[in-house]
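Visitor: My structure is below; once you've seen it, I'll send some questions.
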Amino acid sequence: MSPNTLYRFYRRVTSFKPPKPTPTLPLWTCNVYGHTVSGDVSKLQERKNVSSNQVIKRRKKDRPPCPSVLSHFDKQYGEELGDLWASARAVLLDPHSWQYGVMLNRFSAVTGITQILQSQGFSSLLQQTDIPRLLCDGPSVVTNSKYKPEDNSLLQPHFISKCPPDDNTSHVFSQDLQFEPSLGLPHPSLQCYIHPHPLRFPSQTHRHGQLKQYYLLNAASLLPVLALKVRDGEKVLDLCSAPGGKAIAVMQCATPELLCCNEPDPHRRDWLSRTLESFLPPSLRTRVIVSAQDGCSFGQSEAGTYDKVLVDAPCSNDRSWLYSSSSQQGEQRLRERARLPALQAQLLRSALSAVRPGGIVVYSTCTLSTSENYTVVETVLNDCPEAEAEDLWEEIAVPLSKYFTFRPAPPDHGKALHKPSLQPHNGTVSPYQHRLGILVVPQTGKTWGPMFLSRIRRKK
Ligand SMILES: C[S@@+](CC[C@H](N)C(=O)[O-])C[C@H]1O[C@@H](n2cnc3c(N)ncnc32)[C@H](O)[C@@H]1O
């Protein structure tokens, strides 16, 4: 990568003005079962017994859904999702039902936030029983971690990603214990709290020189990061990175040797830089860099460089498209929709060239659209004999099905795929269907998603 395309994320962003300090404001403003709760931590904890029948509605989204986008979705997703579409539609049309996850920032000096979340009915998304299967093949459970940022950290063992080496990565494994203490960082620990109800924790404003304690997100966004299985010491490329939620999640899971966050759009890149600055400590600033390239060029400029590449592709973001600011904007987006699969396939091909042999690429989108999901993966697999899709059903869908509604690839996909190992077997859902990718479909009570993810390994 040429130096003029690299920007250290701590580079001053000239357009960014840190907000004025507001010391007299309460630390928290939180809608708890419909009550606006504000005050300091101790006050919030005192109010933990708010009953659910005191619910009042969150402020409504002012904007109505865009009729042309909705009618397009009805036609396309009615056909593609069958019975699942009615419930997915109901969720998308009711922003009051949307759930939000709270991903903790392992780098911040968190004070009692876990207790606050638990007292408000939040629970950990990644249970102790899930983590060994999701983060690595055989993790260590560390109970004697020196870093105890949480008041209650003694109650919860920290999981760290001391995984057995992936193929060709023994050098990586041997490094992790050396540099982690020297950086003075807390152990990697991905912690996300979710609530059974659509309760939104207050977002934190940027405070100069202070790291944010948590990031609010659609919890399904963590699944591509889990599928990436980043380990300490790896070189990771986040090809389409802004605003940076998944980059922050990667940094909770492990301490890579390098995380290159790429974003070609200048405004979104500023947003990305601010996110990184708000969540990562100065000691990581030589390892996390921001790049401004077209993601399609990495395959050439950085061939075979990375252990892991995340392609969180630009897509027809169903939630935001449905609430387009005007019907003209909605119609314009629908016209551009047909061009997205070609760009997505180019980005995925570029990622498969940028990853080293044996490395893995995760492709993800936040749309339900088959042509941007399974079809893109299938097209690229057909072109790349050195690429092999991996099964995420057993690894991710099965352990997390209590939180998310997953759907494997439709059965008619892949008839033309020339990969013997992916050919359908007899049975209701073939291994082949699992391997093309899994789709999180929002459903009533499990409103996470849409999120599609597929993991592809470059064999040679
Ligand atoms: C779905 S968003 C990424 C979200 C991000 N990964 C996160 O978790 O916060 C897709 C991003 O891809 C960027 N993008 C669009 N065209 C691109 C290209 N040719 N190469 C790389 N990124 C591109 C968009 O500007 C957008 O910021």
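FYI, it's all coordinate maths here, none of it is from the lab. Just so you know, these numbers come straight off a predicted model, no measurement behind them. Glycine gets a Cβ as well: all are built from the backbone with ideal geometry, and neighbour counts include every protein chain shown.
Visitor: Using θ = phi - 60° and the Karplus relation 6.51 cos²θ - 1.76 cosθ + 1.60, list the HN-Hα couplings for the stretch 189-199 in order, rounded to whole Hz, with x at every Gly or Pro.
Guide: The phi angles translate into 6, 7, 10, 10, 10, 10, 10, x, 10, x, 9 Hz.
Visitor: Using amide H atoms built 1.01 Å from N in the peptide plane, name the residues 5+ places from Ala292, or on other chains, whose amide H lies under 5 Å from its own.
Guide: Here Glu263 satisfy the definition.
Visitor: Right, next: Would you kindly derive the ³J(HN,Hα) couplings of the stretch 354-359 from the backbone phi angles with the Karplus curve 6.51 cos²θ - 1.76 cosθ + 1.60 (θ = phi - 60°), listing them in order in whole Hz, with x for Gly and Pro?
Guide: Working through the residues one at a time gives 6, 7, 6, x, x, x Hz.
Visitor: Further question on the same structure: Among Pro256, Gly244, Leu222, which residue has its Cα positioned farthest towards the positive end of the charge dipole of the stretch 212-272, with +1 placed on the Cβ of Lys and Arg, -1 on the Cβ of Asp and Glu, and the dipole taken about the Cα centre?
Guide: Leu222
Visitor: Mind listing the long-range amide H neighbours of Gly359? Cut-off is under 5 Å, sequence gap 5 or more, other chains count too, H placed in the peptide plane at 1.01 Å from N.
Guide: Arg458
Visitor: I need the phi-derived Karplus couplings for the stretch 345-352: 6.51 cos²θ - 1.76 cosθ + 1.60, θ = phi - 60°, integer Hz, Gly and Pro marked x.
Guide: With the stated coefficients, the stretch 345-352 comes to 5, 5, 5, 5, 4, 4, 4, 5 Hz.
Visitor: Quick one: which residues, 5 or more positions from Tyr193 or on another chain, have an amide H under 5 Å from its amide H? H modelled 1.01 Å from N in the peptide plane, none for Pro or chain starts.
Guide: Answer set, sorted by chain and number: Val102, Met103, Leu104, Leu125.
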